[in-house]
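The values are calculated or read from the model by the stated rules, or taken from the named source; none is laboratory data. For clarity, every value in this text was computed on a predicted model and none was experimentally measured. Note: ideal-geometry Cβ built from the backbone for every residue, glycine included; neighbour counts use all protein chains shown.
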Amino acid sequence: MSARPPGPGAAPLDPRLSDLLKLLELEPLEVNLFRGESRDIGSPQVFGGQVLGQALSAAYATIEQRVVHSLHAYFLRRGDFNAPIVYQVDRSLDGHSFSNRRVVAIQHGAPIFNMAASFQIPEAGFDHQIDMPDVPPPEALTDSSRPPPELLARLNERMRRFVEQPRPFEFRSVQPLDFVSPRGARPARQVWFRAVGRVPDGEKLHRCLLAYVSDYFLLDTATLPHGASSFNGSLVMASIDHAMWFHRPLRVDEWLLYAVESPSASGARGFARASVFSRDGRLVASTAQEGLVRPRKTT
């Protein structure tokens, strides 16, 4: 998957976005075999959204004239950001209207992730959707991409390094975020987000970028009723699986609303699901994720 460069006279890409687009550009090694780089964003392992976005890019490299409408993925092992990731694509189906791909991400000789994705030739059909939540517009909210200075000073060095990393997306949360001393709250939140600059055109590219950013905020929502946070060291958290459904065309460089809720947490696992709305109220995607949420043992 390649992104068209900006046209003559267009503003240059933001360096953070340029680096992300480079990250999604995989190196072909053989037929159905690709290699991707990783980035250290301050987390203990490769960011799950990076693997999702790269795996979808690998699948798209074997697809023509069809767009992804769903994906289902499992995170198997921690990714090492000091080593490349190899993506192996199985062309499971190329039918009249649909194509299916299976992708396995391999590192140090072992699978760390697998994904099945389905692609469809665009066509018309019935059309309905749920309503977007009634929330303040992004202009009425403060930037929540990083904690305010008074909270930042209370984070340990590892967490401070994580939240201070420059990110290719900006976030504006409807509910206040307390990264250090959260209080019990309803297991739901709404967050506006968009890329920090203009992104080249192309539905493929924008859906891969949405896959990348969709790994934010989901699992954290399952901790809200319990007043716990991975930022203060009280929890061990890791994504187990991740699913997405793409409903309508979208642009990640325009404001999107992530409406997240967690219906359940049990058995040291948290479950969350979300709807993604465009600024004009169109439901453009849905996501769901289950992950490990385990209180850290103290000795």
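Here is a yes/no grid of residues against (1) within 30 Å of LYS204 (Cα to Cα); (2) of a type in the set (Val, Ile, Thr); (3) at pLDDT 95 or above:
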{"site": "TYR258", "(1), (2), (3)": "yes, no, yes"}
{"site": "GLU261", "(1), (2), (3)": "yes, no, yes"}
{"site": "ALA265", "(1), (2), (3)": "no, no, yes"}
{"site": "PRO295", "(1), (2), (3)": "no, no, no"}
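Out of everything in segment 1-36 that is part of a loop (DSSP other than H, G, I, E, B) and at pLDDT 95 or above, what residue ends up being farthest from LEU210 (Cα to Cα)?
Among those that are part of a loop (DSSP other than H, G, I, E, B) and at pLDDT 95 or above, it is VAL31.
Suppose we filter segment 94-132 for residues that are surrounded by fewer than 17 Cβ atoms within 10 Å (Cβ to Cβ) and in contact with a Gly (Cβ under 9 Å, 6 or more places away or on another chain); how many remain?
Looking only at that region, the number is 2.
Looking only at segment 25-66, count every residue that is out of contact with any Ser or Thr (no Cβ under 9 Å at 6 or more places or on another chain), among the polar types (S, T, N, Q), surrounded by 15 or more Cβ atoms within 10 Å (Cβ to Cβ) and farther than 18 Å from SER239 by Cβ and tell me the total.
So the answer is 1.
Among the numbered conditions (1) of a type in the set (Val, Ile, Thr); (2) within 18 Å of VAL89 (Cβ to Cβ); (3) at pLDDT below 95, tell me where ILE63 comes up short.
(3)
In segment 229-249, which residues are outside any strand (DSSP E or B) and of a type in the set (Phe, Trp, Tyr)? Write out each step before concluding.
Just the residues of segment 229-249 that are outside any strand (DSSP E or B), to begin with: 229-234, 247-249.
Selection gives PHE231 alone.
Quick test of your reading of the structure: VAL252 fulfils all but one of (1) assigned to a strand (DSSP E or B); (2) within 20 Å of ALA55 (Cα to Cα); (3) of a type in the set (Val, Ile, Thr). Name the failing condition by number.
For VAL252, the exception is condition (1).
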